[in-house]
Each structure stands twice: as structure tokens, then as C-alpha cells.
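The values are calculated or read from the model by the stated rules, or taken from the named source; none is laboratory data. Quick caveat: nothing in here was measured; it's all calculated off a predicted structure. Please note: Cβ atoms are built from the backbone with ideal geometry, for glycine as well, and neighbour counts cover all protein chains shown.
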Amino acid sequence: MLGIWATSCSRPPALIGLVNRTTCSHRTLVFKPRTSFVKQFQAHRPYTTPPTPTQISKSNNGSILSRVLPFRGGPQNTSSLRKIVALAKPETKPLVAAIGLLLASSAVSMSVPFTIGKLIDFFSTNNPQIPFGLSTWEASALLLVLFTAGAAANAGRAMIMRLAGQRIVARLRENTYSAALKQEVEYVERGEGDVLSRLSVDTSIVGESVTQNLSDGLRAVVMSSVGLGAMFYVSPTLTMLMLAVVPPVSLGAVFYGRYLKKLSNKTQEAVGEMTKVATESLSALRTVQAFNAVPQEQQKFHDRIDKILMLARKEAIASGIFFGSTGWSGNITLLALLGYGGTLVSHGTISVGDLTSLLLYTVYVGSGLQMLTSFFSSIMRGIGAGTRVFEVIDRTPAIPDDSGLSVPPDRRGVVRFEGIYFEYPSRKGVEILKDFNLEMAVGESIAIVGESGGGKSSIQSLLLRYYDPVKGKVTFDGQDIREFSATSWRSIIGVVPQDPVLFTGTIATNIAFGNPDATREQIESAAREANCEFIWGMPKGFDTEIGRLSLSGGQRQRLAIARALLKKPVILALDEATSSLDATSERRVNDAIDKILRSRQTTCLFVAHRLSTIARAERIVVLEGGRITESGTYRELVTDEDSRFRALMAAQLNAAAGESLYIERVPEVTPTDN
Ligand SMILES: Nc1ncnc2c1ncn2[C@@H]1O[C@H](COP(=O)(O)OP(=O)(O)OP(=O)(O)O)[C@@H](O)[C@H]1O
């Protein structure tokens with residue numbers, strides 16, 4: 001009998017028309033008929049800390065069994081399911097309405113076999129009797145009305161479910177996105193594409209599993225149980241004969257289900273990998289094209305696609321075998337039913353109409369069970385996807401952004417790096433900073449110099465709390481900055497990154513990024529301060545639409561300075577602000593920096609290579625071996641023949657002979673000279 005659902009996919013159109021919705025999607029089929037749905041979730045997994053799907057596939061520790069077992073409950077599955085169900089809560093009313101419509105449409109479709117059986121008996125008897133004394137036309141009209149109502153109920157159910165599903169997906173996406181934005185940068189940067197795939201693909205799967213599949217599942221339960229009841233009513237003997245095929249097919253379905261769950265988790269991970277590769281290449285398309293790396297990137301993408309295809313192939317083979325065998329057993333069962341049923345008809349035990357009804361109900365029950373298997377497999381898929389989505393939503397960021405004290409906006413104070421030891425979480429054991437100490441007085445400007453890769457930008461990352469030190473602390477006015485909420489702490493810092501990022505929007509919205517309440521006056525004043533005179537030359541001025549890269553490097557940096565200044569920051573962190581500029585742009589950027597320094601309102605921490613920038617700072621510190629080895633004014637360090645600073649600068653000048661120009665020019669513009 002179970003095979004009939006496979007048969008049902010190729011059944012004649014007339015028969016398909018009798019079933020409201022044919023579900024021939026073999027891809028997701030799985031069936032666990034002997035274990036109730038609830039029990040499966042309540043059963044406990046043998047391990048205490050359940051791994052995520054990613055961990056399951058990557059772990060070498062978990063037994064093969066624990067990796068393959070798809071659906072044995074377990075805290076993680078159970079809690080994922082609970083969360084998925086909780087997501088549907090705001091949709092209770094539409095879902096209840098949809099279930100009502102579902103029951104109505106199922107009742108109509110379940111009456112079809114019975115009606116057909118009666119019609120056959122009616123037409124094959126000598127003295128046809130229609131119940132309630134109806135004429136043939138009246139009976140036909142009644143059936144037409146009934147079928148139309150059933151179809152309308154089914155259409156209503158489908159619409160309501162789809163809309164509810166979309167609303168759930170929308171909520172889930174918003175929650176995932178908000179949670180992702182609050183994570184520490186390391187988490188998102190390392191798995192950027194993966195987060196995107198969770199945001200798009202996994203959320204859809206979860207949404208589907210709570211609405212569409214729930215609806216199909218309920219329909220399946222109604223179809224199978226009512227169908228079976230009707231079959232028992234028509235002929236208990238034939239029904240028992242049909243049920244004989246259930247145990248072997250169920251066993252196959254259990255193994256198939258487990259295998260499918262494993263494949264499904266792997267496929268979702270592979271899709272995540274594919275998204276990651278595509279995101280990385282597409283966001284760096286200029287570099288990809290400049291290095292003629294298109295074929296290389298295509299190959300990378302192809303490898304990921306290959307992996308997905310390989311998994312799909314395995315799934316196709318498994319489903320082919322499963323559906324082939326269940327289809328075969330279904331057909332054999334039908335034959336047996338026909339053979340044995342035929343003898344019962346010839347002995348007059350049942351009528352031809354009863355046998356027809358019974359066969360049709362068999363098809364219904366088969367379809368119902370097929371939908372049930374799809375339902376279980378989709379729920380498992382939903383749980384897998386849900387686990388990945390909730391992993392982001394429920395993740396506590398290593399650096400929470402909203403818990404902690406607020407920094408009063410006008411508070412100024414000394415910034416101290418005290419005994420800092422730091423290593424990147426992704427590169428444990430590689431110490432970037434070792435006993436790093438630095439004190440920055442209020443309004444002081446400090447330039448950090450040192451060899452490339454020495455850890456200069458890492459100091460700024462610690463200041464901005466993208467990371468926390470492994471040992472030691474950064475304090476502001478004597479207070480550990482970890483006591484402040486990250487949001488509040490970052491609100492007093494202005495940042496000019498090495499490669500400023502613009503967002504799609506106008507120049508004004510870009511300057512006011514993170515500061516949406518800024519007035520046009522404030523925006524213009526910040527732009528003026530940052531020497532962004534180019535904006536006034538643009539046809540639409542501050543309302544000019546820009547994209548990610550639609551300004552020159554120098555313009556972007558000055559715009560970034562304006563953005564930072566608009567915050568009226570207490571601390572300003574500039575990273576290689578003039579590293580990629582020509583002499584004219586560099587002078588404009590440096591002029592902007594001078595204005596900030598002259599105000600002595602802001603404590604500035606520069607990371608710089610160029611002498612013209614470095615020399616503007618009141619103090620220069622040399623970073624070597626993860627700690628400060630020298631500190632002094634530009635004049636002090638440059639005049640000390642043995643200073644490391646001199647050696648570093650000399651090496652740089654040798655590397656770029658033209659830079660000597662700056663050495664001569666620099667002293668004229670140092671703050672002490674102004
Ligand atoms: N996100 C990261 N994860 C792991 N290692 C990192 C990360 N960022 C930087 N590093 C490593 O930390 C070290 C210090 O990097 P950092 O960017 O702080 O150096 P830097 O002095 O600013 O270099 P440059 O002058 O070339 O910009 C380098 O060895 C770098 O490879």
C-alpha cells in the first residue's frame with residue numbers, strides 16, 4: 001500500500017483530480033510510521049551537549065550512530081522545535097482558520113471514493129435508488145456544490161498558510177539579521193557567507209516547515225486516518241491485507257529518513273560554503289577582474305557546486321531506490337487487493353462499488369502517508385535549518401553591545417592600555433601584543449609606528465572593542481572600558497579606517513552614517529572641517545547619490561573624516577588615513593587632521609606610515625615585538641641617531657626614495673610649529 005504514493009505520482013489525471021493536492025516531491029520523503037511524532041522528540045539523545053549540524057558533520061568524536069540518527073529528540077532538536085513552534089504563535093488565528101478550512105476540504109475530498117463507489121453500484125443495479133429521493137441531476141448539482149466548496153476551502157487554506165509562512169520568515173530574518181549585526185566582528189567576518197545563507201535559505205526552510213508542511217502534515221493525518229477508517233468500514237479483511245505491507249516499507253523509510261537527514265544537513269552547510277565563496281568574490285569583483293582571476297573564482301565556485309551536486313546525487317539515488325521499492329510494493333498490494341477483492345465480489349461478500357471505494361481509499365491513504373513522510377522529512381529539515389538560524393539568534397556575542405554602563409557624552413579622560421596581552425581568537429598562541437602599555441592624555445595626539453604586521457591596527461581594534469585583550473585592560477578615566485556598553489563606548493570614538501566604506505545613499509546620509517538626527521548644517525560643517533570641498537562642486541551637492549566605491553580614495557577618506565567629526569568624538573582613531581593618496585589629496589587630508597589637532601579637544605591615535613602624518617602627532621611611539629620600545633616627539637626621535645624610529649623611517653625612505661620630500665616639509669607643519 002505504501003507504494004501507492006509513488007504510484008500516485010504517475011497515476012492518471014482523472015485520479016489525480018480526485019486528490020486535492022498531489023505531493024510527488026520524492027526529494028524530501030521520509031517516513032517513521034511506528035514512532036509517534038511526539039515520542040521522537042521526547043526521547044533523549046545519548047550525549048549531553050548536542051552538537052550543531054556543523055559540529056556533527058565536522059566532529060570526529062561523535063559516533064557514526066549519533067551523527068546519523070536524525071530525529072531522536074535530544075535537547076537541541078527539542079528546543080529548536082519549540083522555538084520553531086513559538087515562531088508560529090503570533091499566527092495562531094490565521095493558522096486555526098487554515099486548519100478549519102483544511103478539515104472542510106479534506107472532508108469533501110475524503111467523501112469522493114465513497115461517492116464513486118455508490119455511483120458505480122447505483123449504475124450497475126436494476127433499480128437505482130439515490131438517497132433522500134434525489135433525482136440524478138439534483139444529486140449531481142449537490143456534488144458539484146460540495147466539490148466547489150471543498151476546492152474553495154483548499155484555496156483559502158493554501159493562501160492563508162503561505163501568507164502566515166511569509167510573515168514568519170520575515171520575522172525570523174529580521175531577528176537573525178539583528179542578531180548577526182550585534183555579534184563581534186570576528187564571528188561574522190569569518191563566516192560572512194554562511195550567515196547570509198542562514199539569513200536567506202535556512203529561514204525559508206524554517207518558515208516552510210511551520211506553515212506549508214504543517215498544513216500538509218495535518219492533511220496527511222486526516223487523509224490517512226479517515227481513509228483507513230473508511231477502508232475498515234468497507235472491508236476489514238482487505239484492509240488487513242493491505243496493512244501487511246506497512247512494516248517492511250516502514251523499516252525502509254526509517255533508514256531512508258535517517259540518511260536523508262544527514263544529507264540534508266550536509267547540503268545546507270555546502271550551500272553556506274557556496275554563498276561564502278560567491279559573496280567574497282562578488283564583493284571584490286574589481287580585484288578579481290584586475291587579476292584576471294575570473295576562471296579561478298569560477299573553479300572555486302564550481303567546486304562548491306560540485307559538492308552540492310554530489311550530495312544531491314546521493315539523495316537522488318536513495319530516493320530512487322526508496323520510491324522504486326515502495327512503488328513496487330504498492331502495486332503488488334493493489335494487485336493482491338484486486339485479486340482477493342475480486343473473489344469477495346464474486347462471492348457476493350462485497351459489491352463492485354465497495355471494492356472501487358476501497359481501492360480509491362487505498363490510493364488516498366497512500367497519498368496521505370506520502371505526505372506524512374514528506375512532512376516528517378521537512379520538519380527534520382526545518383529543525384536542521386532552525387538550529388543554524390537559532391545558533392545566530394541565540395548566540396551571546398563575545399562583546400555584548402548593550403549591557404554595561406553608559407559613558408556620559410561630555411566625559412573626557414585619560415586612555416590607558418595597561419599590560420595588554422592580545423592574540424586573535426582565530427590564531428591562538430600567536431601573541432600580537434605582549435605587555436603593551438600606553439597612556440594617552442586628554443587631547444593628546446599619538447602616532448603609532450612600527451613594522452608592517454606589528455600590531456598597530458590591532459591596538460585600534462582593542463580601543464574600539466572589536467576584540468578584548470587576553471590579559472590586561474584598556475581604561476578610560478580610570479574605568480575599564482569593558483564596564484561600558486560597547487554601543488555607548490563606541491559612541492565617543494570617531495574612526496577613520498584605512499579603506500573607508502561608503503554605503504548606497506547620498507553624500508549627506510553617508511556623512512550622517514550612525515548619526516541620523518544630524519542637521520544639514522551640522523553635516524555641512526563637518527564636511528567643511530574635513531576639507532570636503534569637492535562636495536560643493538557636485539551638481540547635486542550633498543544630495544548626490546553615491547555607491548560603495550563611487551568617490552576617489554582621497555574623497556572617501558575626507559568623507560570618512562567628516563563622518564567621524566560629525567560625532568564630535570572624544571577619541572579619534574585614524575588608521576593610515578593618507579596611505580593611498582597622491583600629494584595633493586594627502587595635503588588636504590592632513591590639513592583636515594591639523595584642524596582637529598589644533599582644537600586639542602580630541603584625543604587622537606594614529607596608525608601611520610607616512611612621515612607627513614606621523615610628524616603631526618605630538619608624540620610618536622614605536623611598536624616592536626608587541627610592546628612600545630620608544631616614545632617621544634618627532635624632533636626627539638628623529639634627532640636621536642640611535643633611535644629605532646630613525647632606522648624605521650630610513651628603511652622606509654630607502655624603499656621609497658621620493659618620500660624624502662616629506663621629511664623636509666614635515667617639520668614646517670608639525671603642531672608644535674603652528
Ligand atoms: N582578524 C585577524 N585574525 C587573525 N590575525 C590577524 C587578524 N588581523 C590581523 N592579524 C594578524 O595580526 C598581526 C598584526 O596585524 P595588524 O593589522 O595589527 O598589523 P599592523 O601593524 O597594523 O600592520 P600594517 O602596518 O601592515 O597595517 C599580523 O600578523 C596579522 O596577520
*In the range 462-490, how many residues are closer than 25 Å to Gly632 by Cα and within 14 Å of the ligand (Cβ to nearest atom)?*
3
*Is the range 403-411 home to any residue that is within 14 Å of the ligand (Cβ to nearest atom) and crowded, with 16+ Cβ neighbours inside 10 Å?*
no
*Which condition breaks for Val226 when tested against (1) buried (at least 19 other Cβ atoms within 10 Å of the Cβ); (2) of a type in the set (A, V, I, L, M, F, W, C); (3) in contact with a Phe, Trp or Tyr (Cβ under 7 Å, 6 or more places away or on another chain)?*
(3)
*Positions within the range 474-501 being more than 18 Å from Ala573 (Cα to Cα) and outside any helix (DSSP H, G or I), in sequence order*: Gly478, Gln479, Asp480, Phe484, Ser485
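Yes or no: the range 504-517 includes at least one residue that is free of Cβ contacts under 8 Å to residues at least 24 places away in the same chain and either more than 29 Å from the chain's Cα centre (by Cα) or part of a loop (DSSP other than H, G, I, E, B) (or both).
yes
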_Quick test of your reading of the structure: Ile523 fulfils all but one of (1) within 30 Å of Ser643 (Cβ to Cβ); (2) away from the ligand (no atom under 16 Å from the Cβ). Name the failing condition by number._
(1)
_Complete set of residues in the range 622-652 that are among the hydroxyl-bearing types (Ser, Thr, Tyr) and in a loop (DSSP other than H, G, I, E, B)_ = Thr633, Ser643
*Would you pick out the residues in the range 510-563 that are among the hydroxyl-bearing types (Ser, Thr, Tyr) and under 20 Å from Ile593 (Cα atoms)?*
Ser525, Ser552
_Check on Arg528, touching a residue at least 12 places away in the same chain (Cβ under 8 Å) and away from the ligand (no atom under 16 Å from the Cβ)_ = no
*Restricting to the range 235-244, what's the tally of residues that are in a helix (DSSP H, G or I) and touching a Gly at 6+ places or on another chain (Cβ under 8 Å)?*
1
*If you check Val288 against the conditions, is it buried (at least 20 other Cβ atoms within 10 Å of the Cβ) and of a type outside the set (D, E, K, R)?*
no
_If I ask for residues that are closer than 15 Å to Asp194 by Cα and either charged (D, E, K, R) or more than 23 Å from the chain's Cα centre (by Cα) (or both), which ones from the range 267-308 would you list?_
Glu269, Glu273, Lys276, Glu280, Arg304
*Is one or more of the residues making up the range 443-461 within 10 Å of the ligand (Cβ to nearest atom), assigned by the TED database to the domain that holds Glu618, under 24 Å from Leu181 (Cα atoms) and in contact with an Asp or Glu (Cβ under 9 Å, 6 or more places away or on another chain)?*
yes
*Output the residue which, of all residues in the range 438-464 that are within 14 Å of Arg416 (Cα to Cα) and charged (D, E, K, R), is modelled with the lowest pLDDT.*
Glu444
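Counting residues that are surrounded by 12 or more Cβ atoms within 10 Å (Cβ to Cβ) and either at pLDDT 65 or above or assigned by the TED database to the domain that holds Ala220 (or both), which helices (runs of 4 or more DSSP H) fully inside the range 51-134 reach at least 2? Before you say what the answer is, go through the steps one by one.
Details: elements: 53-58, 64-68, 74-87, 92-124.
So the answer is 74-87, 92-124.
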*Matching residues in the range 420-437 - criterion: being modelled with pLDDT of 90 or more and either away from the ligand (no atom under 14 Å from the Cβ) or part of a loop (DSSP other than H, G, I, E, B) (or both)*: Glu423, Tyr424, Val430, Glu431, Ile432, Asp435, Asn437
*State whether the residues of the range 245-254 include one that is modelled with pLDDT under 85, more than 30 Å from Leu359 (Cα to Cα) and assigned to a helix (DSSP H, G or I).*
no
*Residue satisfying all of: in the range 167-218; within 16 Å of the ligand (Cβ to nearest atom) and outside any helix (DSSP H, G or I); farthest from Val389 (Cα to Cα) among these*: Glu184
